[in-house]
1. Residues of the range 7-108: accessible area per residue at 1.4 Å, in Å²?
2. Rounded to the nearest 20 Debye, what is the dipole magnitude of the chain about its Cα centre when Lys and Arg each give +1 and Asp and Glu each give -1 at the C-beta?
3. So if each residue of separation counts as 0.36 nm, and I subtract the Cα-Cα distance between SER104 and THR27, what length gain in nm does that give?
4. State the percent of C-alpha pairs, over all pairs in the range 11-108, separated by a distance greater than 18 angstrom.
5. Counting helices only, and only those DSSP H runs with n ≥ 4, report the 222 nm mean residue ellipticity of the chain as the sum of -39,500 (n - 2.57) divided by its residues, in deg cm²/dmol to the nearest 500.
6. Give a residue-ordered list of calculated ³J(HN,Hα) values for the range 77-85 (Karplus: 6.51 cos²θ - 1.76 cosθ + 1.60, θ = phi - 60°; whole Hz; x for Gly, Pro).
7. Note the angle between two axes, namely the Cα long axis of helix 2-39 and the longest principal axis of the Cα atoms of the chain, as a number of degrees from 0 to 90, rounded to the nearest 10.
8. List every residue whose amide H lies under 5 Å from the amide H of VAL86, counting only residues 5 or more places away in sequence or on a different chain, with H placed 1.01 Å from N in the peptide plane.
Amino acid sequence: MLALVVFLPCLAIWLSFTVYSFLLRYTNTKRKQLAFEELGLSAEASRSTRLIGFFHPYCNAGGGGERVLWTAIAALQRTEPDVVSVVYSGDTDASKSEIIKKVSVRID
């Protein structure tokens, strides 16, 4: 009887974790596909390509931290061709193309 009292909660925890893991993988796969569609990449590319996200609240401000961010991304692009870098930023006053243009002028 004691073994049953110990076994059932463990089974419930294991089953909950397994279901949660499956749902998390399914949701992440869908999110990855949506991100690749938004970037204009094919569904086939989403299987072999990895996404790496960087968060920098003000990647367009021009301070020293931005140089570190963009240098890290450039190094990653040179060494890992199957990686797509995504930058999450709080800069709402500039578009993606304006930020990239500013970076290429400053760093290149």
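The values are calculated or read from the model by the stated rules, or taken from the named source; none is laboratory data. Keep in mind it's a predicted model, so treat the numbers as computed, not measured. We place every Cβ from the backbone using ideal geometry, glycine too, and count neighbours over all the protein chains shown. Only protein heavy atoms, including side chains, enter the accessible area calculation; ligands, DNA and RNA are left aside. Shrake-Rupley method; radii C 1.70, N 1.55, O 1.52, S 1.80 Å.
1. 76 Å²
2. Dipole size: approximately 160 debye.
3. Taking SER104 through THR27 to full extension adds about 24.2 nm, to one decimal.
4. Cα-Cα pairs of the range 11-108 separated by over 18 Å account for 59 percent.
5. -22500 deg cm²/dmol
6. Karplus-based 3J(HN,Hα) across the range 77-85 equals 5, 6, 9, 10, x, 9, 10, 10, 8 Hz.
7. Computed tilt is about 30 degrees.
8. Result for VAL86 returns ILE52, GLY53, PHE54.
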